[in-house]
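*Asks:* The structure under discussion is supplied below as structure tokens; questions concerning it will follow.
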Amino acid sequence: MVSPHEVEILLVEDNPSDIALTLRALKKRNLANQVHVVKDGAAALEFLFGSSEVPQAEDFHPPKVILLDLKLPKVDGLEVLRKIRSDERTRCVPVVVLTSSREERDVVESYKLGVNSYIVKPVEFETFMKAVADLGLYWLLLNQAPR
């Protein structure tokens, strides 16, 4: 497991196949070393903010990018996004919604909440792999984020 201080990508995804494909695509571009995977919205919030019993350390370094599915167990992706944007420590972290939802209300609500990008998961294997690899390259290597 990667230390929270070393995480560059937080992948919030409950589908094991999509997790495997995403990690494979990132690994292909040598971007998978510092990925932390959580499988539901509650686990994402606990990773980012700690729990009521164990709050997050003051010296927490947020990930460089969060890849967030919307249709998640326990806490849905929109609520995770809402909490990310409402907290000073994570407000500027780029969040990319990577979901199968093409519903207009999900797109609109995601942008209202401050998502940086909304991507519908491609169905074709190669297209999915390329999309994830390109996302990783852009957000980790090209994007200039505030420090």
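The values are calculated or read from the model by the stated rules, or taken from the named source; none is laboratory data. Keep in mind the model is a prediction, meaning the values are calculated, not measured. Positions of Cβ are generated from backbone atoms using ideal geometry, with glycine treated the same way; all protein chains shown enter the neighbour counts. Ligands, DNA and RNA are excluded from the accessible area calculation, which covers all protein heavy atoms including side chains. Shrake-Rupley method; radii C 1.70, N 1.55, O 1.52, S 1.80 Å.
*Asks:* Could you tell me which of the residues 75, 38, 95, 80 is under 26 Å from residue 126 (Cβ atoms) and at pLDDT 95 or above?
*Replies:* None of the other options fit; the residue is 95.
*Asks:* Let me ask something else about it. In segment 75-92, how many residues are in contact (Cβ under 8 Å) with a residue 24 or more places away in the chain, part of a loop (DSSP other than H, G, I, E, B), farther than 16 Å from residue 13 by Cβ and open to solvent by 10 Å² or more (accessible area, probe 1.4 Å)?
*Replies:* Qualifying residue count, segment 75-92: 3.
*Asks:* A follow-up question, please. Got a sec? Which of 21, 26, 48 is in a helix (DSSP H, G or I), within 17 Å of residue 89 (Cα to Cα) and either in contact with a helix residue (DSSP H, G or I) (Cβ under 8 Å, 6 or more places away or on another chain) or at pLDDT below 95 (or both)?
*Replies:* 48
*Asks:* Assess whether residue 110 counts as being open to solvent by less than 80 Å² (accessible area, probe 1.4 Å), within 19 Å of residue 14 (Cα to Cα) and assigned to a loop (DSSP other than H, G, I, E, B).
*Replies:* It is false that residue 110 is open to solvent by less than 80 Å² (accessible area, probe 1.4 Å), within 19 Å of residue 14 (Cα to Cα) and assigned to a loop (DSSP other than H, G, I, E, B).
*Asks:* Confirm whether residue 142 is free of Cβ contacts under 8 Å to residues at least 40 places away in the same chain and either within 20 Å of residue 25 (Cβ to Cβ) or open to solvent by less than 20 Å² (accessible area, probe 1.4 Å) (or both).
*Replies:* Criteria met by residue 142.
Quick grid of which residues meet (1) open to solvent by 30 Å² or more (accessible area, probe 1.4 Å); (2) more than 22 Å from residue 139 (Cα to Cα); (3) over 15 Å from the mean Cα position of the chain (by Cα); (4) charged (D, E, K, R):
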position: 17; (1), (2), (3), (4): yes, yes, yes, no
position: 48; (1), (2), (3), (4): no, no, no, no
position: 66; (1), (2), (3), (4): no, no, no, no
position: 71; (1), (2), (3), (4): yes, yes, no, yes
position: 96; (1), (2), (3), (4): no, no, no, no
position: 100; (1), (2), (3), (4): yes, no, no, no
position: 125; (1), (2), (3), (4): yes, no, yes, no
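*Asks:* For the structure I just gave you, tell me whether residue 134 is more than 17 Å from residue 10 (Cβ to Cβ), open to solvent by less than 30 Å² (accessible area, probe 1.4 Å) and modelled with pLDDT of 85 or more.
*Replies:* no
*Asks:* How many residues does segment 6-36 hold that are touching a strand residue (DSSP E or B) at 6+ places or on another chain (Cβ under 8 Å), free of Cβ contacts under 8 Å to residues at least 60 places away in the same chain and farther than 17 Å from residue 129 by Cα?
*Replies:* So the answer is 4.
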